[in-house]
Amino acid sequence: MTPDRIRVAWTPRDAPLVARAVAAVGAPARSLAGRLAALDDAALGALAAVAGGAAPDAAGDVLVVLGAAAALPWVDGVVYLGRDDAAPELLLPTALAPSVPPGVLAVAIRGVVSVPGPIAVLAAPPRLVPCGVARAIDRGRLAAWREAR
């Protein structure tokens, strides 16, 4: 471990967090986008999302969808994220706990990611996704994102 990095291992949680978001990377992200496109307007309107594709390969595609647990779509290969009371500004995997206290993890993450709003913490592949820019899902923008993949 170097002074500017914290190594985090993930272990099963004793009790899962309540889902508040669903995240996917690569092919599952594209499947999640397809599932979103199939939702009716009311179901889609209950959700917000942030998406990206920073890497030059298909594994760079990431999609995080925020909403109430019952409104989040299910797709194979996604990870559900929730809030731990010890680090409410992070969205952590619902079934996994970090090896460091969540509050310490939040301080470390805020030291390198200084954007407002929640930050999704993905365990595999390891990735931080700022979610403060999540917006209502627009069908046209969703279609354009899917076509670019």
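Per the listing Ala38, Ala42, Ala55, Ala70, the residue uniquely at pLDDT below 95, surrounded by fewer than 16 Cβ atoms within 10 Å (Cβ to Cβ) and out of contact with any Ser or Thr (no Cβ under 9 Å at 6 or more places or on another chain) is Ala55.
With respect to the stated conditions, Val133 fails to be assigned to a strand (DSSP E or B), β-branched (Val, Ile, Thr) and closer than 20 Å to Ala33 by Cα. Within the span defined as segment 113-130, every residue fails to be part of a helix (DSSP H, G or I) and either touching a Cys at 6+ places or on another chain (Cβ under 7 Å) or surrounded by 12 or more Cβ atoms within 10 Å (Cβ to Cβ) (or both).
Scanning segment 57-103 for residues that are part of a loop (DSSP other than H, G, I, E, B) and either within 14 Å of Ala29 (Cα to Cα) or among the aliphatic types (A, V, I, L, M) (or both) gives Asp57, Ala68, Leu72, Pro73, Trp74, Val75, Asp76, Gly77, Val78, Ala86, Ala95, Val100.
The values are calculated or read from the model by the stated rules, or taken from the named source; none is laboratory data. Bear in mind that the values here come from a model prediction, so they are computed numbers and not experimental data. Note that each Cβ is placed from the backbone with ideal geometry, even for glycine, and that neighbours are counted across all protein chains shown.
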